[in-house]
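The values are calculated or read from the model by the stated rules, or taken from the named source; none is laboratory data. Because the structure is predicted, anything quoted here is derived from the model rather than measured. Cβ atoms come from the backbone with ideal geometry, glycine included; neighbour counts cover every protein chain shown. Only protein heavy atoms, including side chains, enter the accessible area calculation; ligands, DNA and RNA are left aside. Shrake-Rupley method; radii C 1.70, N 1.55, O 1.52, S 1.80 Å.
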Amino acid sequence: MSKIVTIGASRNLDVIGKRLFREIRALTGEGWKIACEHSYDEKIHKLQVVIEKVPAGETAKDMIRILQQYMARQITEWILDDWEKEMLKKYAKTKYYYFSDAERRNIIDKALRILQQEEETSKDYIIYRVGRNERILERLLEVMILRKEIHIDGFIRFRLKDYTKSLCEALDLAVDEYMMEKEYNEFVRLLKYFLEIQDSRIPLVHVFLRSGGQFQLIDDKGNPVIHEAMEGLQEEEVKQYVSYDDLLISALITVAPEQVLIHAQEREHKSEAINTIKAVFGERLHHCPGCERCLTALKGREREAWVVNPST
């Protein structure tokens with residue numbers, strides 16, 4: 001009988017053990033007899049994998065090395081796919097204990113998305129994932145070959161400090177993201193409140209936008225709608241002290257139109273200001289499909305449509 005490896009862990013090894021045993025038997029082929037023995041001792045789950053029978057003309061040494069490489073790769077994927085979330089839960093519960101269970105679940109999901117960025121948004125993630133996989137695999141295989149024994153918890157704690165550090169960093173970033181979202185949602189809730197208590201001054205406001213954030217508000221009769229906060233404010237002052245987005249949102253909340261119609265290029269529809277206005281006004285917000293005034297303004301033929309204060 002030749003030992004391939006003994007795997008120990010604080011977690012149950014039944015699932016990974018059955019998968020390894022099934023695929024190892026298919027990999028070795030006829031004549032080989034592989035055995036997996038499960039045990040539990042002092043809160044440690046153990047899985048010992050051995051070769052019980054070697055076909056005539058074959059040697060166990062080469063097969064052991066092949067199976068160790070295969071098992072190391074499977075265990076690496078197991079760590080990344082199964083242990084990762086559990087480690088994040090543990091870190092979150094320890095470091096961010098003051099969040100509720102629901103909040104921590106939200107934060108953990110965000111941390112996982114940070115670690116597992118969608119490929120279409122980050123081509124570098126593919127390289128990062130492969131590199132991380134190979135680093136874990138290399139260290140895991142080194143231990144398995146040298147000792148023929150691996151304790152997953154200890155391996156992660158002492159051999160993968162850079163990996164666990166990246167998990168903690170992702171968790172911290174997720175908390176920052178969560179807090180920003182929470183503050184933003186509170187900001188939107190406050191704006192909705194201000195909008196609800198305002199008496200609607202005008203049935204419809206047209207909002208003409210261009211890249212850079214400059215805008216003009218026009219009522220349904222074609223007259224400029226000037227917010228008192230913009231009166232006397234020069235364009236240079238806006239650029240230096242106030243953002244166009246803040247001015248636009250403030251003006252719309254103050255005017256409190258029954259309906260808002262946005263005139264802008266497609267890329268401007270996804271701006272932060274438009275997203276906020278949409279969150280506040282909801283179904284009262286509409287996008288112009290392409291009127292003559294909108295197309296003319298977008299071509300820059302009406303310069304007066306883009307100054308903050310049309311009277312200056």
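Amide hydrogen proximity for LEU204: with H placed 1.01 Å from N in the peptide plane, the residues at 5 or more positions away or on another chain lying under 5 Å are ASP220, GLU258, GLN259. Summed over the residues of the stretch 9-75 and divided among them, the accessible surface reaches 63 Å² per residue at a probe radius of 1.4 Å.
Could you list the residues of the stretch 22-45 with an amide nitrogen less than 20 Å from a label point located 7 Å from the Cα of ASP62 in the Cα-to-C-beta direction? Once the point is set 7 Å along Cα→Cβ of ASP62, 24-34 turn out to lie under 20 Å by backbone N, inside the stretch 22-45. Extension gain for the segment ILE197 to CYS168, taken as residue separation times 0.36 nm less the Cα-Cα distance, is 6.1 nm to one decimal.
If you take all C-alpha pairs in the stretch 1-71, what percent of them are over 15 Å apart? Distances greater than 15 Å cover 51 percent of the Cα pairs.
Computed from the C-beta positions of ASN185 and GLU134, the FRET efficiency with R₀ = 41 Å rounds to 0.55.
What the Cβ-Cβ distance of ASP246 and ASP220 gives, at R0 = 22 Å and to the nearest 0.05, is a FRET efficiency of 0.30.
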